[in-house]
Amino acid sequence: MKAWENMRYGVLIPAYEPEESLVTLVRALTAAGVPVVVVDDGSTTGAEYFETLRVLGTVVLAHETNHGKGRALKTGLEYMWKAGFDGAVTADADGQHTVADILRIGGELETHPGQLILGARDVAQMLPRSKTGNSITRVLFRVLHGVNLQDTQTGLRGIPLDSYTVPGLLTLPGERYEYEMEMLMHSRTLFPAGVTEVPIETIYIDGNASSHFRPIRDGMKIYSVLFGSFFKYLLSSVLSYVVDYSVFSLLYYRVLEQAVPSQVAARLISAVFNFTLNKFYVFKGSGKKYNLLSYTLLAAAVLTVSSAALYILVDWLGLPAYSVKLLVDVLLYIVNYFVQKKLASI
């Protein structure tokens, strides 16, 4: 019986300047009855390995120049969807994913239709630099995006391919390693059925020497994606304050010459500006729950909590007003961000 006989799944391997281990992996998968698609991402070496794969009957897609892992994955996913595959198991080309684990991920795709399946490595067995990076990213991902995953940097993934997921996957930003982070960040939208993690072996060959991951450049891209919406949220807040101050100054000095009505009008205008910027820029593609009414109710709730906190901590307990207000405003600002982000995802 061939692997994954009940559904048409295949293995997708993005490869850049591969070694013999790629051929070894593909031979083993082919022997198990699994179709394999390899994407040559503009390699300048390893042509003989790609030619061997073609002789074996493996589909080899090629980029003329190197674009990055994210682009290679998009190329392969688009090909497999058009070829009629129901799902793709993405694996690395360096032999650090076992055939047994790859087959297990495919089996989980059958067991959990519509879900994104992640092969989760044991953090305790990772190389020190990988363990540190993965641990930091895992915590930040949980804090910023509310999703608790054991391994946010795994390349072994089971991806369902259908008319809903594929267009979203192909239009996700990111051309290199940050694309995989984008996939996780948008997993709730792309894979509404959920995400399942499956334990896999933690393997490093020659200290992971064959990896093309560039710690500084690629790491910065990943973290820029991770913090992306929060930085945009900060920018939106600054621009909204500029609008608020400018409108107030214009109304007070040129039109109304009264502070309170100028303040109210400026705050209303800057609030509408902030909402519009958040909806169409910060939380681009936000759902129906993120509207002017929910934004107004949230603003009213924040004002109420802020006022109550200041009354209790300053007027009642006698704590210093300046430091208390600063602390309360910062905490509520962060809470406000997460609440708006949650509303935008519904």
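The set of residues in region 154-193 that are at pLDDT 90 or above and small (Gly, Ala, Ser) comprises Gly158, Ser163, Gly168, Ala193.
Matching residues to (1) at pLDDT 90 or above; (2) among the basic types (Lys, Arg); (3) on the phi < 0 side of the Ramachandran plot:
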| position | (1), (2), (3) |
| --- | --- |
| Glu48 | yes, no, yes |
| Thr52 | yes, no, yes |
| Gly70 | yes, no, yes |
| Glu78 | yes, no, yes |
| Phe85 | yes, no, yes |
| Gly106 | yes, no, yes |
| Val143 | no, no, yes |
| Gly146 | no, no, no |
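Entry remark, region 171-205: residues being of a type in the set (A, V, I, L, M), over 25 Å from Gly84 (Cβ atoms) and part of a loop (DSSP other than H, G, I, E, B) number 3 in total. With respect to (1) out of contact with any Gly (no Cβ under 9 Å at 6 or more places or on another chain); (2) open to solvent by 20 Å² or more (accessible area, probe 1.4 Å); (3) farther than 21 Å from Ile105 by Cβ, the lone exception for Ala28 is condition (3). Asp151 falls short on exactly one of the conditions (1) surrounded by fewer than 21 Cβ atoms within 10 Å (Cβ to Cβ); (2) acidic (Asp, Glu); (3) at pLDDT below 85, and that condition is (1). Just checking, does region 202-216 include any residue being at pLDDT 75 or above and surrounded by 14 or more Cβ atoms within 10 Å (Cβ to Cβ)? Yes, region 202-216 has at least one match.
The residues listed here are Lys284, Lys289, Lys325; of these, the one that is loosely packed, with under 14 Cβ neighbours inside 10 Å, modelled with pLDDT under 90 and in contact with a helix residue (DSSP H, G or I) (Cβ under 7 Å, 6 or more places away or on another chain) is Lys289. Scanning region 153-170 for residues that are part of a helix (DSSP H, G or I) and touching a residue at least 12 places away in the same chain (Cβ under 8 Å) returns Thr165, Val166, Gly168, Leu169, Leu170. The residue that is least open to solvent (accessible area, probe 1.4 Å), counting only those in region 56-78 that are free of Cβ contacts under 8 Å to residues at least 60 places away in the same chain and assigned to a helix (DSSP H, G or I), is Ala72.
Among the conditions (1) under 30 Å from Glu180 (Cα atoms); (2) at pLDDT 85 or above; (3) open to solvent by 80 Å² or more (accessible area, probe 1.4 Å), the only one that Phe231 does not satisfy is (2).
Yes/no matrix, rows are residues, columns are (1) at pLDDT below 95; (2) assigned to a loop (DSSP other than H, G, I, E, B); (3) under 27 Å from the mean Cα position of the chain (by Cα):
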| residue | (1), (2), (3) |
| --- | --- |
| Lys2 | yes, yes, no |
| Glu5 | yes, yes, no |
| Glu17 | yes, yes, yes |
| Thr24 | yes, no, no |
| Ala28 | yes, no, no |
| Val37 | no, no, yes |
| Ser43 | yes, yes, yes |
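Every condition in (1) free of Cβ contacts under 8 Å to residues at least 40 places away in the same chain; (2) crowded, with 21+ Cβ neighbours inside 10 Å; (3) out of contact with any helix residue (DSSP H, G or I) (no Cβ under 8 Å at 6 or more places or on another chain) holds for Leu53 except the one numbered (3). One residue alone among Ala265, Ala271 is surrounded by 14 or more Cβ atoms within 10 Å (Cβ to Cβ), hydrophobic (A, V, I, L, M, F, W, C), in contact with a helix residue (DSSP H, G or I) (Cβ under 9 Å, 6 or more places away or on another chain) and closer than 17 Å to Val339 by Cβ, and that residue is Ala271. For region 86-100, a residue qualifies if it is open to solvent by 10 Å² or more (accessible area, probe 1.4 Å) and in a loop (DSSP other than H, G, I, E, B), and the qualifying residues are Asp86, Asp92, Ala93, Asp94, Gly95, Gln96, His97, Thr98.
The values are calculated or read from the model by the stated rules, or taken from the named source; none is laboratory data. On a predicted model such as this, the values are computed, not experimentally measured, just so you know. In this analysis, Cβ positions are derived from the backbone assuming ideal geometry, glycine residues included, and neighbour counts consider all displayed protein chains. Quick note on the areas: whole protein, heavy atoms, side chains included, nothing else; ligands and nucleic acids left out. Shrake-Rupley method; radii C 1.70, N 1.55, O 1.52, S 1.80 Å.
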